[in-house]
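Below you'll find the structure, written out as structure tokens, and then a few comments.
Derivation of every value follows stated rules applied to the coordinates shown; laboratory data play no part. Quick caveat, the model's predicted, so the values are computed rather than measured. Cβ: placed from backbone, ideal geometry, glycine included. Neighbour counts: every protein chain shown.
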Amino acid sequence: MLVGQRMSDLIGQTDLLRIPSLSALSGSDIYLKCEFQNPGGSIKDRAAKQLIEDAFERGELKPGMTVVEGTAGNTGIGLALVAKSYGLKMLAVMPNDQAPEKERMIALHGGELMAVDPVPFKNPNHFYHTARRIAEERSDCWWANQFENTSNARAHYLHTGPEIWQQMEGRIDTFVSVAGTGGTLGGNSKFFKEQDANIDVWLADPDGSGIYQFLKSGEYVANGGSMTEGIGIMRLVDNFRQASIDHAVNLPDQDLVTLSRYLREQDGIVLGSSSALNVAAALAAALHKGPGQRIVTFACDLGERSASKLYNEAYLKGRGLNPEPEPIEQLCERYANLGDNVLAKKWCGLE
Ligand SMILES: Cc1ncc(COP(=O)(O)O)c(C=O)c1O
């Protein structure tokens, strides 16, 4: 698209980059879909656009109304910018432990911010319940509900998946993705499996998230915590249900330090923390399965959104992480020998 009619028309059609360093290192072509190129700087712009456009279509949203959403940040930024494109207002309910970079962007886009304490999901003051309650109480508000509203996964089924399929010329061996709401994993994996049922779908899970354990045992159990934001979840939601999964890996934050530094030095790519996890899992898939594959994953957002955590030495030390990256050869050796830590389990939420 060369000329957009509104800012939100510029969402999507992002570039695909073959990562030179990791492709050479692993003998597999590892591709990165550059979602930081979206106008709001993240993959969540796509969900924001679809959520709002579908709600207009259904007659739930009218100009002048306020979009309200509980968000770790990137969805809030996307919704704030799409809201302005459509004559809407935006209220983002956000846990107050998220990176200040994202709060600032929501405010810069004219969104209103409500910061709440981070509490477990069962607490009625959780950001998700707070957003829902506000929308229930105010008739001028519409709740986007990115977890259960499947317009989110539809954005990827209709657009991201087909874009990747075309860019990869219909040849994909392995698709790797983190999951927050599961919209990205759900919509893309559904589309890819319809094109080629042999595409191997890998879920990448951080510590502190229960998805890996859920796939393994049927129970959401988490160990530890992670500095990543916007990913990992402790309950089954409708967007995640759209997913078809073949393998899952759980990787520690220390590996994100190693890979983010390696790609910065070797390739000039500054990854956000969820993107570093995607790349780590893509490398793990390459080394676990052996050379000759075509693997695709995402740079979910701008690396600068992780400046205060992943790239902050004092923060890393405070979390007990070593700011010095592990030698890449050592990490590759570990990844080549993940063995049973790679969960081989076919799971499809719609079956
Ligand atoms: C930085 C980042 N990466 C990944 C995701 C996960 O995307 P999804 O919600 O489609 O699973 C999010 C979600 O907010 C995010 O903010």
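Just to check I understand the Karplus step: with θ = phi - 60° and J = 6.51 cos²θ - 1.76 cosθ + 1.60, what whole-Hz values come out for region 156-170, glycine and proline as x?
Here the 3J(HN,Hα) series is 7, 5, 7, 10, 4, x, x, 4, 5, 4, 5, 5, 8, 6, x Hz.
Quickly estimate the mean residue ellipticity at 222 nm for the chain, helices only: each DSSP H run with n ≥ 4 gives -39500 (n - 2.57), and the total goes over all residues, rounded to 500. Don't skip to the answer; put the middle values down first.
On the way: 14 runs with 136 residues, N = 351.
Rounded to the nearest 500, the figure is -11500 deg cm²/dmol.
Collect residues whose amide H, placed 1.01 Å from N in the peptide plane, falls under 5 Å from the amide H of C141; neighbours closer than 5 in sequence don't count.
T66
For region 26-32, take each phi angle, set θ = phi - 60°, evaluate the Karplus expression 6.51 cos²θ - 1.76 cosθ + 1.60, and give the result in whole Hz per residue in order, putting x for glycine and proline.
Working through the residues one at a time gives 9, x, 10, 7, 10, 10, 10 Hz.
Collect residues whose amide H, placed 1.01 Å from N in the peptide plane, falls under 5 Å from the amide H of M90; neighbours closer than 5 in sequence don't count.
The list, which skips near neighbours in sequence, is V67, E112.
If I take every Cα pair under 8 Å that is 6 or more residues apart in region 265-351, average their sequence separation and divide by the length, what percent do I get for the relative contact order? Walk me through the numbers on the way to the answer.
Details: 58 pairs, mean separation 28.9, N = 87.
With pairs under 8 Å counted, the relative contact order is 33 percent.
List residues of region 291-311, by number, whose backbone nitrogen lies under 15 Å from a label position 7 Å along Cα→C-beta of Q13.
None, by backbone N distance to the label point.
Short version: ³J(HN,Hα) in whole Hz for each residue of region 328-339, in order, from phi by Karplus 6.51 cos²θ - 1.76 cosθ + 1.60 (θ = phi - 60°), x for Gly and Pro, what are they?
4, 5, 5, 5, 5, 4, 4, 5, 6, 10, 6, x
Would you order E57, E351, E103, E229 from fewest to most other beta-carbon atoms within 10 Å of each residue's own beta-carbon?
Details: E57 10, E351 7, E103 19, E229 25.
Taking fewest neighbouring Cβ atoms as first place, the list is E351, E57, E103, E229.
Under the 0.36 nm per residue contour assumption, what length would be gained going from the current alpha-carbon distance of K62 and S139 to full extension? Present the calculation step by step, with values, prior to reporting the outcome.
Working: separation 77, 0.36 × 77 = 27.72 nm, distance 1.14 nm.
Full extension of this stretch gives 26.6 nm more.
Compute the distance from the alpha-carbon center of region 27-73 to that of region 305-347, in whole Å.
Answer, in whole Å: 28.
What is the set of long-range amide H partners of D200 at a cut-off below 5 Å, with H atoms built 1.01 Å from backbone N?
For D200, whose amide H was placed from the backbone, the distant partners under 5 Å are T174, F175.
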